[in-house]
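Values in this text are rule-based calculations from the coordinates and carry no lab data. Note that the coordinates shown come from a computational prediction; the quantities given were computed from them, not determined experimentally. All Cβ positions, even for glycine, are placed from backbone atoms using ideal geometry, and neighbour counts span all protein chains on display.
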Amino acid sequence: MIAHVGLVAGEGEAAHPVVIPMLYARLGDRLLLHGSPASRLLRTAKSGVEVCVTVTLLDGLVLARSAMHHSMNYRSVVVFGTATEVTDWDDKVAALDRLTDHVLPGRMAVLRPHTDKEVRGTTVLSLSLEECSMKVRTGPPVDDAEDMDAGVWAGVLPLGVAAGVPEPDPLMPPREVPDQVAAWSRGAV
C-alpha cells in the first residue's frame, strides 16, 4: 500500500536526496501517485527529474541457527523513470478512482464522485513500469552444515498486514460497519 518515492531535489550544491512515503496504485502498465499541488516532491517529480519508487511487502522473518543467516522473506519492486502529470480530465478521474480502490477495493462504488474542486486540487503523476526490477526471497533459513545440530529453533515466522476492529468516525451517527470494510484483507498483492 505504501510506496517510497525518491528523487534529487534542488540544483548544484543545494541538491539533496528526498524520499517520501506515498499511497500508490497500478493502472495497467503505469504506477500512479497523487497529492497536493503544493507538494515539493510532486512539483519536482513532474518537472522531468528521474524518480525512483520502491514498494516492499514483508512476508516473514527467517530465523536461522546462526545470526549471520537470519533474513526476511519479502517481495519488492523498484521502478525508475520520469513521472508525467496526468492532465486529461477523464484520465485523472480514473486515476483518482483507482487510487481510492487500491485502499479498499470497490470503495468508489459507495462514495460520491470526486468534485471538480477535488480533481483540480490534486496532482496525479504517472510513471511507466517499463524500467523496473523485482526481488523476492522465500523459503526457510539456509544454514551452514556445521550449525544444523545447534539445538536452536530455526524456521520462518510469517508476517502480514491484518486489519483490526473498524473504528467508526465519532462524528458519524451509529451504523453497522459495511461488509466491504469488515471483510477487508489484502491477501495476495
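Among LEU157, VAL51, VAL119, which residue has its Cα furthest toward the positive end of the charge dipole of the chain, with +1 on Lys/Arg Cβ and -1 on Asp/Glu Cβ?
VAL119
So, by mean Cβ neighbours within 10 angstrom, what's the order for 173-182, 150-159, 87-96, 29-38 with the highest one leading?
Those peptides, ordered most packed to least, come out 29-38, 87-96, 150-159, 173-182.
Tell me which lysines have Cα within less than 20 Å of LYS46's Cα, excluding those fewer than 8 residues away on the same chain?
In chain and number order, the partners are LYS92.
Once both labels are modelled 7 Å past Cα along the beta-carbon direction, what's the VAL78-LEU61 spacing in nm?
Distance between label points: 2.6 nm.
Normalised by the number of residues in segment 1-82, what is the relative contact order in percent for Cα pairs under 8 Å and 6+ residues apart?
Here the relative contact order equals 27 percent.
Once both axes come from the Cα atoms, what is the angle between helix 89-103 and the longest principal axis of the chain, in degrees from 0 to 90, rounded to 10?
Long axis of 89-103 versus the principal axis of the chain: about 30 degrees.
Mind checking which of MET22, MET134, MET148 has the largest fluctuation in a GNM of the chain, springs on alpha carbons under 10 Å?
The residue with the greatest mean-square fluctuation here is MET148.
What does the charge dipole of the chain about its Cα centre add up to, to the nearest 20 debye, if the Cβ of each Lys and Arg holds +1 and the Cβ of each Asp and Glu holds -1?
500 debye
In percent, how large is the relative contact order of segment 60-189, given Cα pairs closer than 8 Å and 6 or more residues apart?
39 percent
In Å and from the alpha-carbon atoms only, list the Rg and Dmax of segment 77-182.
Looking at segment 77-182, its Cα Rg and Dmax stand at 22.4, 66 Å.
Go through (i) 36, 26, 14; (ii) 31, 24, 20; (iii) 53, 17, 13 and flag the label whose value is the computed semi-axes √(5λ) of the Cα gyration tensor in Å for this structure.
Here the calculated entry is (i).
In whole Å, how far is the Cα centre of segment 66-82 from that of segment 34-63?
17 Å
Run the numbers for GLU176 and ASP90: contour at 0.36 nm per residue of separation, minus the present Cα-Cα distance, in nm.
Residue separation times 0.36 nm, minus the Cα-Cα distance, leaves 27.6 nm.
So, R0 is 30 Å and r is the distance between the beta-carbons of MET68 and LEU23; what FRET efficiency does that work out to, to 0.05?
0.25
Using a basic spin-label model with each label point 7 Å from the Cα along Cα→Cβ, how many nm lie between SER133 and MET148?
3.3 nm
Zone of ALA183 (label point 7 Å along Cα→Cβ, backbone N under 19 Å): which residues in segment 96-131?
101-111
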